[in-house]
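What follows is a single structure, written as structure tokens, with notes after it.
Coordinate-derived values only; no laboratory data. Note that the structure is a prediction, hence the values are computed from the model and not measured. Glycine gets a Cβ as well: all are built from the backbone with ideal geometry, and neighbour counts include every protein chain shown.
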Amino acid sequence: MTYIPLAIPNVGQEEARNLQQCVDTNFVSSVGAFVDRFEREVASLSGSEYGVAMGAGTQALHMALHALGVGVGDLVLLPSFTFIASANAISHTGARPWLFDVAAESWTLDVEQVRSALRMCNRDEAGWLRHPETHERVRAIMPVYTLGTPADMVGLRELADEFGLPIVADAAAAIGVKYNGAPIGEFADLTCYSFNGNKTITCGGGGMVVGSDAELLKKIKHISTTARTSKNYDHDVVGFNYRMTNLQAAVGCAQLEKLSSFLDAKKRIRQFYDAGLKHIPEIELFPSVQDRTSTYWFSGFYFKERNAALLNKFINFMATNHCEVRPFWKPVHLQHPYADCPKQSLGYSTDIYDRIITLPCSTNLTVEEQETVISLIHTFFGE
Ligand SMILES: *Cc1c(COP(=O)(O)O)cnc(C)c1O
């Protein structure tokens, strides 16, 4: 019996052809035609004017926050239910995350909770918004597009405008989705993608910041390229060496050509699981939201009741049958480095995270493989 992995890259001849071109032209490093093209194409499909490619999604988030002036003594609003990289990017600037819950309907940032928390903040004499207890400056909002589904961006934009805060969206796995019919780059000041191996499209590793503020994006490019001001080793600020190489972008450009077929595959996989699993009484399906499309980055289900023994038994049963399934993100407030961060009540995140199972959902998963997964799940639940 063949092994069915959770989520693996889907690369082939097109990627090989572009990589060969890098070798043939000797453009393998941090400048090259593929980098320029990849930035242009990703920005364009995001509805944004500019893109700056990075070595990782974490670097993209870090540079976005750094360019906005976020630093020591600052807070960035973040849903606790996210991959730890979102929080790490905040920490890398010297700031701390202020942790919020997610809404049950979307698993994205709970806008009502954000609204009431911001209303509790005070303004200091200089006009900065301050946390009511820690008095740290509140500097930005970072929604996370969980499972490739955008947050409630209309609600968040309203709050961001009311309180004068920029939005840096962690859209790591959400490339190509729409919100209210418009591409997602239009809803945040800066939107950040990841092109890690398990994301919707991959560069092997990589990330990008997109946005439409020319000055800001120029600054991001500058600071992520060692802040060089001339070819004579002049640098005007402490910069970072975070840029994507032409080799990575070569893979990314080939992947972009397949994006719509990848998105179709992810959606088909999700619908097939939903149809195949919806009658199992012990489980619930992942949430779907009507006004937004999703990349359906991961498919899966969650147990109606918390039962660590049953969850582990399920994971082991699937592994024994050559099928990889995994739990999902452990929230940031339960992670050692972030245990002391300011936080609002995190009831839903705490309640849901250790009941979730993600299922095999690579874009090259075959129908037969998916049928195998579904029938194994039925066997486990004794149907
Ligand atoms: C993958 C991911 C990241 C980090 O991206 P890397 O390219 O691995 O640095 C950040 N946030 C979320 C939500 C992610 O899924």
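In a shell of Cβ-Cβ distance under 13 Å around Gly176, excluding Gly176 itself, what net charge do Lys and Arg (+1) and Asp and Glu (-1) give? Each step should come with its number before you reach the end.
Details: positive: Lys178, Lys199, Lys258, Lys266, Lys267, Arg292; negative: Glu41, Glu257, Asp264.
Around Gly176, the surrounding residues sum to +3.
Counted by neighbouring Cβ atoms within 10 Å, the residues Ser44, Ser260 run from fewest to most as Ser260, Ser44. Remark on Met54: its backbone amide H falls under 5 Å from those of Gly207, Met208, Val209, Met244, a criterion applied only to residues 5 or more positions apart or on other chains, H modelled at 1.01 Å from N.
Here the Karplus curve 6.51 cos²θ - 1.76 cosθ + 1.60, taken at θ = phi - 60°, turns the phi angles of segment 314-330 into couplings of 5, 4, 5, 4, 5, 4, 4, 9, 6, 9, 8, 10, 9, x, 10, 3, 8 Hz, with x standing for Gly and Pro.
Under the simplified labelling scheme, the Thr229-Glu368 pair shows an inter-label distance of 6.4 nm, with each label point 7 Å from Cα along Cα→Cβ.
Using C-alpha pairs below 8 Å separated by at least 6 residues, the relative contact order for the chain is 24 percent. Beyond 19 Å in Cα-Cα separation lie the following of the pairs Lys199/Lys267; Lys178/Lys218; Lys199/Lys258; Lys178/Lys267; Lys199/Lys266: Lys178/Lys218. Here the Karplus curve 6.51 cos²θ - 1.76 cosθ + 1.60, taken at θ = phi - 60°, turns the phi angles of segment 283-289 into couplings of 10, 10, 7, 4, x, 10, 10 Hz, with x standing for Gly and Pro. Out of every Cα pair in segment 202-293, what percent are spaced more than 18 Å from each other? Of the Cα pairs, 68 percent sit more than 18 Å apart. The residues Val177, Val72, Val11, when put in order of fewest to most other Cβ atoms within 10 Å, stand as Val72, Val11, Val177.
Around Ile223, under 13 Å between beta carbons, what's the net of Lys plus Arg minus Asp minus Glu among the other residues? With Lys, Arg at +1 and Asp, Glu at -1, the neighbours total +3. How about Lys304: which aspartates and glutamates have a C-alpha closer than 14 Å to its C-alpha, ignoring those fewer than 8 places off in the same chain? By straight Cα distance, Lys304 reaches Glu282, Glu284, Asp351, Asp354. Rounded to the nearest 5, the antiparallel percentage of DSSP beta bridges internal to the chain is 65%.
3J(HN,Hα) along segment 292-309, derived from phi through the Karplus expression 6.51 cos²θ - 1.76 cosθ + 1.60 where θ = phi - 60°, amounts to 9, 8, 9, 7, 6, 3, 10, 10, x, 7, 10, 6, 5, 10, 6, 7, 4, 5 Hz, with x in place of Gly and Pro.
Using alpha carbons only, the radius of gyration of segment 1-89 set against its Kirkwood radius gives Rg/Rh = 1.07.
Rg to Rh for segment 55-186: what is it, with Cα atoms only and Rh by Kirkwood?
On the way: Rg = 13.9 Å, Rh = 14.8 Å.
Ratio of gyration radius to Kirkwood radius: 0.94.
If R0 is 41 Å, what FRET efficiency do you get for Arg123 and Asp291 from their C-beta distance, rounded to 0.05?
Details: r = 33 Å, r/R0 = 0.80.
Using R0 = 41 Å, I get an efficiency of 0.80.
Segment 107-180 and segment 277-332 have Cα centres spaced 28 Å apart.
Plainly put, the chain has a radius of gyration that is 0.98 times its Kirkwood radius, both from alpha-carbon atoms, as the Rg/Rh ratio. Close amide H pairs (under 5 Å, H built 1.01 Å from N) link Leu6 with Glu324, residues at least 5 positions away or on another chain. Here Arg268, Arg17, Arg292 are placed in order of increasing Cβ neighbour count within 10 Å, fewest first, which gives Arg17, Arg268, Arg292.
With r defined as the distance between the Cβ atoms of Lys267 and Arg157 and R0 fixed at 25 Å, what FRET efficiency is calculated, to the nearest 0.05? Mind dumping the intermediate values first?
On the way: r = 26 Å, r/R0 = 1.05.
E(calc), rounded to 0.05, equals 0.40.
Counting only DSSP H runs of at least 4 residues, each contributing -39500 (n - 2.57), and dividing by the residue count of the chain, the helix-based mean residue ellipticity at 222 nm comes to -11500 deg cm²/dmol.
Counting pairwise Cα distances across segment 258-383, what percent come out greater than 26 angstrom?
Counting pairs separated by more than 26 Å, the tail of P(r) holds 27 percent.
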